[in-house]
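Trainee: Here it is: the structure, laid out below.
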Amino acid sequence: MAMSAPIRLQKYLAQCGLASRRKAEQLIAEGLISVDGKVVTEMGVSITPGVNLVSFAGKQVAVKEELVYYLLNKPKGYVTTLSDPQGRPIVTSLIENGNIRLFPVGRLDLDTEGALIMTNDGQLAQRIQHPSNETNKTYEALIKGCPGKEKIILLENGIHLEGKITAPATITVLAAKGQNCLVKITIHEGRKRQVKKMFSLIGHPVLYLKRIAYGKLTIGNLPSGSYRQLNSADLKKIFL
């Protein structure tokens, strides 16, 4: 993360995680550190991070960006992209986090609400989304009509979707809503619009969809459009 205030070179090297401040002074004395392409060997030199280019043995040194994690309750009308040519609002605009560049883990359709993890940690995002990890995602869906037990079992066991059978799912009918019903479905695949397509295939299209959990990390009472920062205990719940 860029800083504007000047800082002693050895302190900057320590902040970058290259070495302790004392060891950094030794690296400077040995002629292994350069600033803007010029080798620096004397102590007391100050640099401005983000302005001066600092290198160790020819490789650029920079302060590591802090890894941050948020759980956002995405409202309808927001796209899960970093920009939108149509000018629609993007989910990153909902989080105030200074200069840290965040991205959404996975996607939710424009009209789908609910749990969306936002982070700058690419390794965690890959772990959540990689099919081999089978990370569960749970949704509440209001569907047209109420499917019988046979149709529910069909979806739970797997249904042909675009040439491939879906992985096993867990489905619970929560309540009747007039002529429609509210169901909870847990899947670990991440195909585009998968939940909507699955219910459409059995003749019960989705009228409303909300993701309520990644693994055991639930959205709880988080208001729509709000977010909370996640800690290490929260992150572990994703994979339970």
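The values are calculated or read from the model by the stated rules, or taken from the named source; none is laboratory data. Keep in mind the model is a prediction, meaning the values are calculated, not measured. Glycine also receives a Cβ, built like all others from the backbone with ideal geometry; neighbour counts cover every protein chain displayed. Accessible surface is based on the protein model in full, side chains and every heavy atom, while ligands, DNA and RNA are left aside. Shrake-Rupley method; radii C 1.70, N 1.55, O 1.52, S 1.80 Å.
Trainee: Counting only residues that are more than 11 Å from the chain's Cα centre (by Cα) and open to solvent by 60 Å² or more (accessible area, probe 1.4 Å), how many does the range 96-135 have?
Mentor: 11
Trainee: Also, quick follow-up: Can you name the condition, by its number, that ILE185 falls short on among (1) touching a strand residue (DSSP E or B) at 6+ places or on another chain (Cβ under 6 Å); (2) buried (at least 16 other Cβ atoms within 10 Å of the Cβ); (3) over 17 Å from THR138 (Cα atoms)?
Mentor: Of everything listed in (1) touching a strand residue (DSSP E or B) at 6+ places or on another chain (Cβ under 6 Å); (2) buried (at least 16 other Cβ atoms within 10 Å of the Cβ); (3) over 17 Å from THR138 (Cα atoms), ILE185 misses just condition (3).
Trainee: Look at LYS196 and say whether it is part of a helix (DSSP H, G or I), open to solvent by 20 Å² or more (accessible area, probe 1.4 Å) and either of a type in the set (Lys, Arg) or touching a Gly at 6+ places or on another chain (Cβ under 8 Å) (or both).
Mentor: On the way: part of a helix (DSSP H, G or I): yes; open to solvent by 20 Å² or more (accessible area, probe 1.4 Å): yes; either of a type in the set (Lys, Arg) or touching a Gly at 6+ places or on another chain (Cβ under 8 Å) (or both): yes.
Answer is yes for this residue.
Trainee: Could you tell me whether any residue of the range 159-173 is in a loop (DSSP other than H, G, I, E, B), among the polar types (S, T, N, Q) and closer than 23 Å to ASN231 by Cα? Before you say what the answer is, go through the steps one by one.
Mentor: If we filter the range 159-173 for residues that are in a loop (DSSP other than H, G, I, E, B), which is where we start, we get 159, 162-163, 166-169.
Filter again for among the polar types (S, T, N, Q), leaving 166.
After this cut, where a residue has to be closer than 23 Å to ASN231 by Cα as well, the list is none.
No, every residue in the range 159-173 fails to be in a loop (DSSP other than H, G, I, E, B), among the polar types (S, T, N, Q) and closer than 23 Å to ASN231 by Cα.
Trainee: Right, here's the next one. Could you check the range 15-32 and list, in sequence order, the residues that are in contact with a helix residue (DSSP H, G or I) (Cβ under 8 Å, 6 or more places away or on another chain), closer than 12 Å to MET43 by Cα and open to solvent by less than 70 Å² (accessible area, probe 1.4 Å)?
Mentor: ALA24, GLU25, LEU27, ILE28
Trainee: Might you let me know whether the range 170-185 holds any residue that is touching a residue at least 60 places away in the same chain (Cβ under 8 Å) and farther than 16 Å from ARG107 by Cβ?
Mentor: Taking the range 170-185 as the starting set, the residues that turn out to be touching a residue at least 60 places away in the same chain (Cβ under 8 Å) are none.
No, the conditions are met nowhere in the range 170-185.
Trainee: State yes or no: is LYS236 among the charged types (D, E, K, R) and surrounded by 14 or more Cβ atoms within 10 Å (Cβ to Cβ)? Show your work before the answer.
Mentor: Values: among the charged types (D, E, K, R): yes; surrounded by 14 or more Cβ atoms within 10 Å (Cβ to Cβ): no.
Spelling it out, it is not the case that LYS236 is among the charged types (D, E, K, R) and surrounded by 14 or more Cβ atoms within 10 Å (Cβ to Cβ).
Trainee: Could you grab me the full set of residues in the range 30-63 that are within 17 Å of GLY17 (Cβ to Cβ) and of a type in the set (A, V, I, L, M)?
Mentor: If the condition is that a residue be within 17 Å of GLY17 (Cβ to Cβ) and of a type in the set (A, V, I, L, M), then LEU32, ILE33, ILE47, VAL54, ALA57, VAL61, ALA62, VAL63 are the ones that fit.
Trainee: Between a first residue in the range 218-237 that is free of Cβ contacts under 8 Å to residues at least 24 places away in the same chain and charged (D, E, K, R) and a second residue that is in a loop (DSSP other than H, G, I, E, B) and open to solvent by 60 Å² or more (accessible area, probe 1.4 Å), which pairs have beta carbons less than 8 Å apart while being 6 or more apart in sequence or on different chains?
Mentor: From the range 218-237, the pairs are LYS237/LYS216.
Trainee: For the range 68-95, give me each residue that is in a loop (DSSP other than H, G, I, E, B), within 21 Å of LEU124 (Cα to Cα) and either open to solvent by 30 Å² or more (accessible area, probe 1.4 Å) or hydrophobic (A, V, I, L, M, F, W, C) (or both).
Mentor: VAL68, THR81, LEU82, ILE95
Trainee: Further question on the same structure: When residues of the range 202-211 are filtered for being surrounded by fewer than 18 Cβ atoms within 10 Å (Cβ to Cβ) and either under 17 Å from the mean Cα position of the chain (by Cα) or not hydrophobic (A, V, I, L, M, F, W, C) (or both), how many remain? Quick ask: steps written out before the conclusion?
Mentor: From the range 202-211, those surrounded by fewer than 18 Cβ atoms within 10 Å (Cβ to Cβ) are 202-203, 205, 207-208; that's our starting set.
Subset that is either under 17 Å from the mean Cα position of the chain (by Cα) or not hydrophobic (A, V, I, L, M, F, W, C) (or both): 203, 205, 208.
Counting residues in the range 202-211 that are surrounded by fewer than 18 Cβ atoms within 10 Å (Cβ to Cβ) and either under 17 Å from the mean Cα position of the chain (by Cα) or not hydrophobic (A, V, I, L, M, F, W, C) (or both) gives 3.
Trainee: Is it true that ALA62 is closer than 30 Å to VAL35 by Cβ, small (Gly, Ala, Ser) and assigned to a loop (DSSP other than H, G, I, E, B)? Explain how you work it out, then say what you get.
Mentor: Working: closer than 30 Å to VAL35 by Cβ: yes; small (Gly, Ala, Ser): yes; assigned to a loop (DSSP other than H, G, I, E, B): yes.
Yes; evaluated as a whole, the condition is true for this residue.
Trainee: Here's a follow-up. Answer yes if at least one residue in the range 224-233 is within 26 Å of SER93 (Cα to Cα), crowded, with 16+ Cβ neighbours inside 10 Å and hydroxyl-bearing (Ser, Thr, Tyr), and no otherwise.
Mentor: The answer is yes, given that some residue of the range 224-233 is within 26 Å of SER93 (Cα to Cα), crowded, with 16+ Cβ neighbours inside 10 Å and hydroxyl-bearing (Ser, Thr, Tyr).
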